[in-house]
Amino acid sequence: MKLERTAIGAMGISAAAIDDVVGWILLALATALVTSGFDGWALLRQVVGVLGFFVLLQKLIGPWLRHIWRRSAAKTNGAGLSASYLVLLLVVLFGCCLISNRLGVFSIFGAFLLGVSLHQELGLVKAWRERFSEFVLVAMVPIFFTNTGLNTEIGSLKTVAAWWGCALVMLAAVAGKLGGCFIGARLTGQPTRDSACIAALMNTRALMALVAINIGLDLKLLSRELFTMLVIMALLTTAMTGPLLRRWLPGELRS
């Protein structure tokens, strides 16, 4: 809807980024808690291990990769990711996934931490997106959604009580995020329509929620019925975004 250059779009993207970072950290903690068998000392060791791994990425591995990138970009006149650097980056990427897995946290958290340690190198970020964004959107994301769909059993909601439970999950999700973000925006002095648009942008669950509930299913924290309810909630809150924005956008942004 070409809102990324507007104040509403910028605020929505920024808030969502912070929200996702907090979500990743809480999800990692929940995973560590489960894999430690709810043993306090084991959990403490995992948390210390993850924090040490993050510091290592921030202070040593990240700067090293950024230094090599700058040398590689100088040789290629900024022509993008060279084959040799791409190999190095992928080896480090999968190594980070293995380390986070060994630490008792889901593998993709290692990839997330590596991305955080490299994000300030804008040329590398741009080159990575040019090389992989279309492939991820065209191939990897549909595969992930297909996998989620294969795990979703609408037929598991067999009773009226189950569908009432699904409605309560949806109500709690929308009230918590759309309602909460609207109130938060109003408290910071945003106009009513702008606050409603920010709330609509934040209400969408989309990919982050599906990642979280798939991990919850793998860890056996969610029953099949609750997993299905949360998938329905993620899809409906995502589908709501467009219509709500078109209804609530200020007049000067509708064109």
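Points to keep in mind about this one:
- Positions within region 53-69 being touching a residue at least 24 places away in the same chain (Cβ under 8 Å) and either of a type in the set (A, V, I, L, M) or under 14 Å from A111 (Cα atoms) (or both), in sequence order: F53, F54, L57, Q58, I61, G62, L65
- Of the helices (runs of 4 or more DSSP H) entirely within region 1-82, none holds at least 2 residues that are at positive phi and either touching an Asp or Glu at 6+ places or on another chain (Cβ under 6 Å) or at pLDDT below 85 (or both).
- For region 91-147, the tally of residues that are among the hydroxyl-bearing types (S, T, Y) and outside any helix (DSSP H, G or I) stands at 1.
- Positions within region 195-224 being charged (D, E, K, R) and either at pLDDT 90 or above or in a loop (DSSP other than H, G, I, E, B) (or both), in sequence order: R205, K220
- Qualifying position, being surrounded by fewer than 17 Cβ atoms within 10 Å (Cβ to Cβ), of a type in the set (D, E, K, R) and either closer than 18 Å to S100 by Cα or touching a residue at least 60 places away in the same chain (Cβ under 8 Å) (or both), among D39, D19: D19
- Close pairs from region 95-110: first without any contact (Cβ under 8 Å) to a residue 40 or more places away in the chain and within 19 Å of D39 (Cβ to Cβ), partner of a type in the set (G, A, S) and not in a helix (DSSP H, G or I), Cβ under 9 Å, at least 6 apart: N101/S107
- Residue pairs whose Cβ atoms lie under 7 Å apart, separated by 6 or more positions or on different chains, with the first residue in region 122-148 and small (G, A, S) and the second surrounded by 10 or more Cβ atoms within 10 Å (Cβ to Cβ), are G123/A73; G123/G78; A127/G80; A127/L81.
The values are calculated or read from the model by the stated rules, or taken from the named source; none is laboratory data. Small disclaimer: the values here were computed from a predicted structure and weren't measured. For neighbour counting, all protein chains shown are included, and Cβ atoms are generated from backbone atoms with ideal geometry for every residue, glycine included.
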